[in-house]
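Participant: Structure below; questions to follow.
The values are calculated or read from the model by the stated rules, or taken from the named source; none is laboratory data. Because the structure is a prediction, the values reported are computed rather than measured. Please note: Cβ atoms are built from the backbone with ideal geometry, for glycine as well, and neighbour counts cover all protein chains shown. Each accessible area value is taken on the protein alone, full model and side chains, heavy atoms only, with ligands, DNA and RNA left out. Shrake-Rupley method; radii C 1.70, N 1.55, O 1.52, S 1.80 Å.
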Amino acid sequence: MKFSELGLSEKVLRAVSDAGYTDPTPIQTQAIPVILQGRDVLGVAQTGTGKTASFTLPMIDILAAGRAKARMPRSLILTPTRELAAQISNSFETYGKYNSLSMALLIGGVSMSEQEKRLDRGVDVLIATPGRLIDLFERGKILLTGVQLLVIDEADRMLDMGFIPDVERIGKMLPSNRQTLMFSATMAKEIRRLANEFLRMPEEISVAPPASPAETVKQAMAVIDARKKRETLRALLANTDVENAIIFCNRKRDVDVLDKSLRRHGFSAAGLHGDMAQSSRTETLSAFKAGEIKLLVATDVAGRGLDIAGLSHVFNFDVPTHAEDYVHRIGRTGRAGRAGQAYMLATPSDGRYLDAIRKLIGKDIPKIDIPGVEITGEEEEEEAPAPRSRSRRTDASKSKNGTERKAKSGGKNDVEAAEPPKAQSAQKPAPETNRENRRSGKDQPVVAFGEHVPAFFKTAVPVSR
Ligand code: AMP
């Protein structure tokens, strides 16, 4: 099947061809003709399947006829995160380059005055996170009665993040004779209920997930003492051919600590997590995508949905506590047939999370030796953990003698020496730090759920280590 057989306009086809795409993906082949007919669609597809283009391409053609009125968007795309919203808007820019559609983004963390001005002038496409849209609606800045087309993207993540009541509220503000497209990676009961509420006789399209990264990405791990994590990471970075990489941490606090540490050791790094202002998140992502920053230290905010092409490596600085997140994290590399490598740093107490990951991917992750790093065993250590006081003494003596050394030295002594005391352990911050972090929410685990979320997972539970 060719793009030209799907019923898209010449302008859209030209933009698709400019983007370098020759053949539609399965979700595009199935969804585009149905959407162009004006029918509702329930798409069961995850990121990586080409689902964004499956709705943006026909939407551009549907919206090409007609004009936007002030404060009355003609279409609305609801998305769970700001990053996905930005990605969808890029997609409209890429594929809509020969059309003159106007667009506004309503996402948390950005100044709204410019977006409100755009809305005042009238927009064809409004991309919004639910909370921000409700805010603006309540302030009387927007009318949703002109929305002919609604897209609910990543409905399962909306569910995970507790947005469904907001989505339902928004649904009541929209005209009932609209066209609705809903996408979700899974079809949980609650999603099915939402689909029944929002969609009218939808065409249900389900596509296989993209090739499992568990098969296409070369994986390896090392079990080490928690205090050796930064040292080990630096040794890995020095010994592997890293072009660009995302380094995943479970907590925002650890992103900050690791980012600073890497920069202090001369690496080109930047942090990305949900507590950062939207402007610096966007700036960081663009710098990383442009190759100006080589290492992006991030929480799972960056793990889902983000399309960063050509990533050579992924490092799991922490073992994810939800096995599905492992697959999402390593799936950032090895995309579109490219080779990718994923390394994970585990500590002796990560046993049960590792077991869950192995079970999910259906295989073991090979363990590797890293020059200059003492490797500990998973099971033995679990039974007889090394006394904390001993390691603390060792580290303390190091920091007295230590001076900042070149990252590539790989020697043991350059390790924790340059780190401030609060960064010494990835496990337990000093009491004051703990209090500060609790206040700022930085020591809370980042809630990032996988595809199959049992109900009891839907509340954030602090992970005890
Ligand atoms: P998505 O599932 O929408 O997140 O898309 C995943 C990636 O596939 C993005 O980098 C898209 O630009 C890319 N993509 C979308 N459509 C196609 C296509 N027909 N052929 C190849 N890549 C595509």
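Participant: Search the stretch 17-40 for residues that are in contact (Cβ under 8 Å) with a residue 12 or more places away in the chain and closer than 10 Å to residue 58 by Cβ and pair each with any residue that is near the ligand (Cβ under 7 Å from one of its atoms) and of a type in the set (A, V, I, L, M) when their beta-carbon atoms are under 7 Å apart and the residues are at least 6 apart or on different chains.
Facilitator: The qualifying pairs are 28/53.
Participant: Moving on. Which ones in the stretch 88-100 are buried (at least 19 other Cβ atoms within 10 Å of the Cβ) and in contact with a helix residue (DSSP H, G or I) (Cβ under 7 Å, 6 or more places away or on another chain)?
Facilitator: Taking the stretch 88-100 as the starting set, the residues that turn out to be buried (at least 19 other Cβ atoms within 10 Å of the Cβ) are 88-89, 91-92, 95-96.
Within the stretch 88-100, 88, 91, 92, 95, 96 meet the criteria.
Participant: Within the stretch 147-170, does at least one residue satisfy the condition of being at pLDDT below 90, outside the structural domain of residue 260 (by TED's automatic domain parsing), over 19 Å from the mean Cα position of the chain (by Cα) and open to solvent by 10 Å² or more (accessible area, probe 1.4 Å)?
Facilitator: Checked the stretch 147-170: no residue is at pLDDT below 90, outside the structural domain of residue 260 (by TED's automatic domain parsing), over 19 Å from the mean Cα position of the chain (by Cα) and open to solvent by 10 Å² or more (accessible area, probe 1.4 Å).
Participant: Still on this model: Quick test of your reading of the structure: residue 340 fulfils all but one of (1) farther than 21 Å from residue 259 by Cα; (2) open to solvent by 10 Å² or more (accessible area, probe 1.4 Å); (3) within 16 Å of the ligand (Cβ to nearest atom). Name the failing condition by number.
Facilitator: (2)
Participant: Among the residues of the stretch 271-281, count how many are part of a helix (DSSP H, G or I) and open to solvent by 20 Å² or more (accessible area, probe 1.4 Å).
Facilitator: 2
Participant: Quick one: would you say residue 101 is under 23 Å from the mean Cα position of the chain (by Cα) and either part of a strand (DSSP E or B) or more than 14 Å from the ligand (Cβ to nearest atom) (or both)?
Facilitator: Values: under 23 Å from the mean Cα position of the chain (by Cα): no; either part of a strand (DSSP E or B) or more than 14 Å from the ligand (Cβ to nearest atom) (or both): yes.
In short, no.
Participant: From the list 140, 109, 38, pick out the single residue that is within 21 Å of the chain's Cα centre (by Cα) and either more than 30 Å from residue 192 (Cα to Cα) or not in a helix (DSSP H, G or I) (or both).
Facilitator: Residue meeting the stated conditions: 109.
Participant: I need the full set of residues from the stretch 34-65 which are surrounded by fewer than 21 Cβ atoms within 10 Å (Cβ to Cβ) and near the ligand (Cβ under 9 Å from one of its atoms), in order please.
Facilitator: 48, 50 - these are the residues of the stretch 34-65 that are surrounded by fewer than 21 Cβ atoms within 10 Å (Cβ to Cβ) and near the ligand (Cβ under 9 Å from one of its atoms).
Participant: Go through (1) at pLDDT 90 or above; (2) among the β-branched types (Val, Ile, Thr); (3) crowded, with 24+ Cβ neighbours inside 10 Å for residue 330 and report which single condition fails.
Facilitator: Residue 330 satisfies every listed condition except (1).
Participant: Hey, among the residues in the stretch 358-371 that are under 26 Å from residue 234 (Cβ atoms) and at pLDDT below 90, which one's most open to solvent (accessible area, probe 1.4 Å)?
Facilitator: The qualifying residue most open to solvent (accessible area, probe 1.4 Å) is 369.
Participant: Right, another one. Can you tell me which residues in the stretch 66-96 are small (Gly, Ala, Ser) and either within 12 Å of the ligand (Cβ to nearest atom) or at negative phi (or both)?
Facilitator: Within the stretch 66-96, 68, 70, 75, 85, 86, 89, 91, 96 meet the criteria.
Participant: I've got another one for you. Mind counting the residues in the stretch 225-270 that are in contact with a Ser or Thr (Cβ under 7 Å, 6 or more places away or on another chain), buried (at least 21 other Cβ atoms within 10 Å of the Cβ) and β-branched (Val, Ile, Thr)?
Facilitator: Number satisfying all stated conditions: 1.
Participant: Now, a different point. Scan the stretch 1-28 for residues that are of a type in the set (D, E, K, R), more than 10 Å from the ligand (Cβ to nearest atom) and at pLDDT below 95 and jot them down.
Facilitator: Once the filter is applied, which keeps residues that are of a type in the set (D, E, K, R), more than 10 Å from the ligand (Cβ to nearest atom) and at pLDDT below 95, the stretch 1-28 yields 2, 18.
Participant: Taking the condition polar (S, T, N, Q) and either away from the ligand (no atom under 16 Å from the Cβ) or not assigned by TED's automatic domain parsing to the domain that holds residue 54 (or both), does residue 129 pass?
Facilitator: In short, yes.
Participant: Would you say residue 140 is modelled with pLDDT under 95 and of a type in the set (Gly, Ala, Ser)?
Facilitator: Yes.
Participant: Given the structure, is residue 31 in contact with a strand residue (DSSP E or B) (Cβ under 6 Å, 6 or more places away or on another chain), in a helix (DSSP H, G or I), within 12 Å of the ligand (Cβ to nearest atom) and open to solvent by less than 50 Å² (accessible area, probe 1.4 Å)?
Facilitator: Against the criterion (in contact with a strand residue (DSSP E or B) (Cβ under 6 Å, 6 or more places away or on another chain), in a helix (DSSP H, G or I), within 12 Å of the ligand (Cβ to nearest atom) and open to solvent by less than 50 Å² (accessible area, probe 1.4 Å)), residue 31 qualifies.
Participant: With respect to the numbered conditions (1) among the hydrophobic types (A, V, I, L, M, F, W, C); (2) assigned to a strand (DSSP E or B); (3) under 15 Å from residue 75 (Cα atoms), which one is the sole condition not fulfilled by residue 170?
Facilitator: The number of the failed condition is (2).
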